[in-house]
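Student: First the structure, which I've put down as structure tokens, then a few questions once you've had a look.
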Amino acid sequence: MIIESPQNQQVKRLRSLATRKGRRAAQQFLVEGVRALEEAAAGRLPLETIALCPALFSGERAGELADELRTRDTQVLELTEEAFRAFTQVQAPEGIAAAVGIPDTRLDDLPAKADLIVAAVDLRDPGNMGSLVRTADAAGAKALVAAGTCVDLFDPKVVRATAGSIFHVQVVNGVATDEMIAWGRRSSMRSVAACLHHAKPYTQIRYPRRALVVVGNEANGLREDVAKQADMRSFIPMPGRAESLNVNVAAGILIWEILRQRQS
């Protein structure tokens, strides 16, 4: 049966995943597009519902992927274009989406001997958060932790900005900063705060073998009450006139210096 009405309960359920309240109630988040669904299908998170709109397919791969997804032991919904557009969060939908289970990952669930974990504190911009997840994945970090008042890691804009990395790196969503720092100490990780005050240039620090890299808010940087709890503080000298670096760029510079030191 093809779902035609935007008021269908299944469509409403998918539309609710655009909100934090809806995601929490369903313990699911929305993934859209061919590339994202390929990553989701190959990832570690369960696909709970698959939504397809052949009228919106573009290119052969969309149809091929749809056929592959139809063979899975997962609920598959066929929708008209009107019904699909009633829940999509993108301007040019590709006619393929899924509701994916949100993992209930906690700090104590992370690998006991993790050598690199990235933590964001009060990061609000979905694009920055998604890019940070992607950077953590590229660096081989074992997890990304969202602490304080961060944007929801499963917000559709964050998920799109991760470019599939949300399915490859473990994430811990919404923990208290004190809890995060305390966990790092219990786990024998040393925390590295990216901040401007009372910090050493990032190239003049000998980084630990097991590091918890902590970055802060886009506008105000890392809060002092968090930075003062860190084992070391690192800053990136800026000889130009810009007041600050994008948080993801700064995190990438710091993380790759840590990786460089390990390789040398």
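Bear in mind that the values in this text are calculations on the coordinates, not laboratory data. Because the structure is predicted, anything quoted here is derived from the model rather than measured. Ideal geometry is used to build each Cβ from the backbone, glycine not excepted, and the neighbour counts take in all protein chains shown.
Student: Any idea which residue in the range 64-83 is surrounded by the most Cβ atoms within 10 Å (Cβ to Cβ), counting only those that are touching a helix residue (DSSP H, G or I) at 6+ places or on another chain (Cβ under 9 Å) and touching a residue at least 40 places away in the same chain (Cβ under 8 Å)?
Tutor: Filtering the range 64-83 for residues that are touching a helix residue (DSSP H, G or I) at 6+ places or on another chain (Cβ under 9 Å) and touching a residue at least 40 places away in the same chain (Cβ under 8 Å), the one surrounded by the most Cβ atoms within 10 Å (Cβ to Cβ) comes out as L79.
Student: Quick one: in the range 167-209, which of the residues that are β-branched (V, I, T) and touching a residue at least 60 places away in the same chain (Cβ under 8 Å) is surrounded by the fewest Cβ atoms within 10 Å (Cβ to Cβ)?
Tutor: Across the range 167-209, the extreme among qualifying residues is V175.
Student: Considering only the range 20-55, how many residues are of a type in the set (G, A, S) and under 17 Å from Q9 (Cβ atoms)?
Tutor: 4
Student: Going through the range 230-264 one residue at a time, which ones are of a type outside the set (A, V, I, L, M) and either within 25 Å of the chain's Cα centre (by Cα) or under 21 Å from V133 (Cα atoms) (or both)?
Tutor: R233, S234, F235, S244, N246, N248, G252, W256, E257, R260
Student: Could you please find all residues in the range 18-46 being of a type in the set (D, E, K, R) and either part of a helix (DSSP H, G or I) or buried (at least 20 other Cβ atoms within 10 Å of the Cβ) (or both)?
Tutor: Selection gives R20, K21, R23, R24, E32, R35, E38, E39.
Student: Right, next: So T49 fits all but one of (1) more than 25 Å from the chain's Cα centre (by Cα); (2) part of a strand (DSSP E or B); (3) not aliphatic (A, V, I, L, M); what number is the exception?
Tutor: (1)
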